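K.L.:
Have a look at this one before I ask anything.
The values are calculated or read from the model by the stated rules, or taken from the named source; none is laboratory data. Keep in mind that what you see is a predicted model, and the values were worked out from it rather than measured. Positions of Cβ are generated from backbone atoms using ideal geometry, with glycine treated the same way; all protein chains shown enter the neighbour counts. Side chains are part of the model used for accessible areas, which takes the heavy atoms of the whole protein and leaves out ligands, DNA and RNA. Shrake-Rupley method; radii C 1.70, N 1.55, O 1.52, S 1.80 Å.
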Amino acid sequence: MSSIELVLAMLLAVVASGYLVRVLPFSLPLPLVQIALGAVISGVLKHGVTLDPDVFFLLFLPPLLFLDGWRIPKNGLLRDRAVILELALGLVVFTVLGAGLLIHWLIPSMPLAVAFALAAIVSPTDPVAVSSIAARVPIPTRLMHILEGESLLNDASGLVCFRFAVAAVVTGSFSLLSASLTFLWVALIGLAVGALFTLLVSYVQQRLSRRFGQESGSPILISLLIPFGAYLLAEKLQASGILAAVAAGITMSYVELNGKVLASTRVQRSAVWATIQFALNGIVFMLLGEQLPGILQGAVRSVEQSGRANPWWLLVYVLVINVGLAVLRYVWVQVSLRMSLWHARRRGEIRPKPPWRLVVATSLAGVRGAITLAGVLTLPLVLGDGSAFPARDLAIFLATAVILISLVTASVGLPILLKGLEMPPETMAEQEESLARQQAATKAIAAVEKAQQALLKEAPATDADIYTHAATRVIALYKRHLDSTGEEGVDPVQLRKSDAVERTLRLAGLQAERNEIFHMARHLRISDEMSRKLVREIDLAESRYR
């Protein structure tokens, strides 16, 4: 089977996985279904994929990380920056040291430097895996923001630790000063490249568009190319392409605030990115499943070569390492939480201690994914003297097992832990929404009145009533919204019920409109072109209520 046919088979399997999770009589996370389908493809087609880590990083990670950085709430990222940095930097180093010593004690045949390399590559959580789990698990909003921020930023620290541990295996030497300076370069230059590249591309695009115009698909294509450009430029500078893609996404969200992108472009771009995200996420987990049979065979050979004839030792290794990682994460979260509460008390702030279930959920949500798999596959085949890299197949298997166990544990454990957990309401979000709607409605009324006056100056006197009545109808819509959000003493529960009823009625009306348009087009009472135009208008109106 050619590579193109294999890609098409995987894309079809991704589509099938989306239906399969809904058909199954029991709830199963989508990533696990996709991993299983990938293993089936490998067994049935007998055609393995030679996964080049550099190509994998380039094709899959930049767009997914760019999109995560684009969509992550920036106020939450700034509000919880201390906690996020503690997890993204401190927890990674703590995990490398603790898990590295544990792995070397558990598997004496694995050199200490190799154990540290394995611990380093399983230390960062994966934003793709975290997002996949969060889609089906009711994780509290603030916790989700912290986990997303951690997973976006901890890749650099994990990969730098991994790189220097591998270098120590190959050369037999290690420099803490060199590692620290390299980390600063990799992180800071990567972030700077991503931000500056996005600003430059956006500025040039806007200047060219204002002067020469543009095709409707150009902004969408440019948004797709930005993460790849930022990634490649950062890698050329020996910096972190991963952080460059994240920084590009975060910067893009601020560029968007200038409001110069057409509404239709935003709608089309959102659909394109949603499709790309679904396809790439699915293929990432498919590839992981496709690699499983070969990885397991190599691990069994490695165990036999280490002197343990029973391959069941692999299960012991996997369980102990995963328990160790969970304990290390739980200890760090507990210590970090107590330090945060202590600092808050010193500042005179009163912060309630979070429920124990939330602390355990934070520990359990350390999901590993594609970055761990791609990173561990970069282990060299031979050392500097030409001898084989020690325990390479076993390290790859253990990293893969950590990915699978973390996915299963989070998918099964988080819903149980968080079920019925009462969290304080997000009142700030409701206040922000109310304020934004009021301010926007006020500005809209002023703009409508100004536009009405301008039209009346140019219109014939006989048409004055037409413009006045039209403006009155439009202003009434905004004033109605102002009255509903600005009145004091209105019961918020009743107001939400009223909004929900109005939403249901408006959706019913829009659906009826759309059905009638389709009916008229089927019976050739209107043209296809007209039906597409009208349906698009209805779709845009409906998107406000979804």
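K.L.:
Only one of these is modelled with pLDDT under 75 and either closer than 21 Å to L61 by Cβ or of a type outside the set (S, T, Y) (or both): V128, V96, V92. Name it. Spell out the reasoning first.
P.N.:
Numbers: V96 fails: modelled with pLDDT under 75; V92 fails: modelled with pLDDT under 75.
Result of the check over V128, V96, V92: V128.
K.L.:
I've got another one for you. So which of Q511, Q452, Q439 is surrounded by 14 or more Cβ atoms within 10 Å (Cβ to Cβ) and at pLDDT 70 or above?
P.N.:
On the way: Q511 fails: surrounded by 14 or more Cβ atoms within 10 Å (Cβ to Cβ); Q439 fails: surrounded by 14 or more Cβ atoms within 10 Å (Cβ to Cβ).
Result of the check over Q511, Q452, Q439: Q452.
K.L.:
Condition first: in a helix (DSSP H, G or I) and open to solvent by 100 Å² or more (accessible area, probe 1.4 Å). Now tell me which residues in region 336-361 satisfy that. Show your work before the answer.
P.N.:
Applying the first criterion (in a helix (DSSP H, G or I)) to region 336-361 yields 336-346, 356-361.
Matches in region 336-361: R338, W342, R345, R346, W356.
K.L.:
Considering every residue within region 379-392, establish whether at least one is in a helix (DSSP H, G or I), open to solvent by less than 60 Å² (accessible area, probe 1.4 Å) and in the same structural domain as E86 (by the TED database). Can you show your working first?
P.N.:
Of region 379-392, the ones in a helix (DSSP H, G or I) are 392.
Next cut, open to solvent by less than 60 Å² (accessible area, probe 1.4 Å) only: 392.
Still in the running and in the same structural domain as E86 (by the TED database): 392.
Yes, because at least one residue in region 379-392 is in a helix (DSSP H, G or I), open to solvent by less than 60 Å² (accessible area, probe 1.4 Å) and in the same structural domain as E86 (by the TED database).
K.L.:
Hey, D491 hits all of (1) at pLDDT below 60; (2) surrounded by 11 or more Cβ atoms within 10 Å (Cβ to Cβ) but one; which does it fall short on?
P.N.:
(2)
K.L.:
Here's a follow-up. Go through (1) outside any loop (DSSP other than H, G, I, E, B); (2) surrounded by fewer than 17 Cβ atoms within 10 Å (Cβ to Cβ); (3) of a type in the set (F, W, Y) one by one and return the number of the condition F66 breaks.
P.N.:
(2)
K.L.:
Quick one: in region 365-395, which of the residues that are more than 14 Å from A117 (Cα to Cα) and in contact with a Lys or Arg (Cβ under 8 Å, 6 or more places away or on another chain) is modelled with the lowest pLDDT?
P.N.:
The qualifying residue modelled with the lowest pLDDT is L381.
K.L.:
OK, next. Here are L12, L37: which of them is assigned to a helix (DSSP H, G or I) and either touching a residue at least 12 places away in the same chain (Cβ under 8 Å) or basic (K, R) (or both)? Give the derivation first.
P.N.:
Details: L12 fails: either touching a residue at least 12 places away in the same chain (Cβ under 8 Å) or basic (K, R) (or both).
Every option except L37 fails the conditions.
K.L.:
Does region 258-278 contain any residue that is touching a residue at least 60 places away in the same chain (Cβ under 8 Å) and closer than 30 Å to L379 by Cβ?
P.N.:
Yes, region 258-278 contains at least one residue that is touching a residue at least 60 places away in the same chain (Cβ under 8 Å) and closer than 30 Å to L379 by Cβ.
K.L.:
May I pose another question? How many residues does region 456-471 hold that are open to solvent by 50 Å² or more (accessible area, probe 1.4 Å) and touching a Phe, Trp or Tyr at 6+ places or on another chain (Cβ under 8 Å)?
P.N.:
Of the residues in that region, 1 qualify.
K.L.:
Can you tell me which residues in region 90-129 are of a type outside the set (G, A, S), open to solvent by less than 30 Å² (accessible area, probe 1.4 Å) and within 20 Å of A391 (Cα to Cα)?
P.N.:
First, pick out the residues of region 90-129 that are of a type outside the set (G, A, S): 91-97, 101-108, 110-112, 114, 116, 118, 121-122, 124-128.
Then keep just the ones that are open to solvent by less than 30 Å² (accessible area, probe 1.4 Å); that gives 91-92, 95-96, 103, 106-107, 110, 114, 118, 121-122, 124-128.
If the condition is that a residue be of a type outside the set (G, A, S), open to solvent by less than 30 Å² (accessible area, probe 1.4 Å) and within 20 Å of A391 (Cα to Cα), then V96, I103, L106, I107, M110, V114, L118, I121, V122 are the ones that fit.
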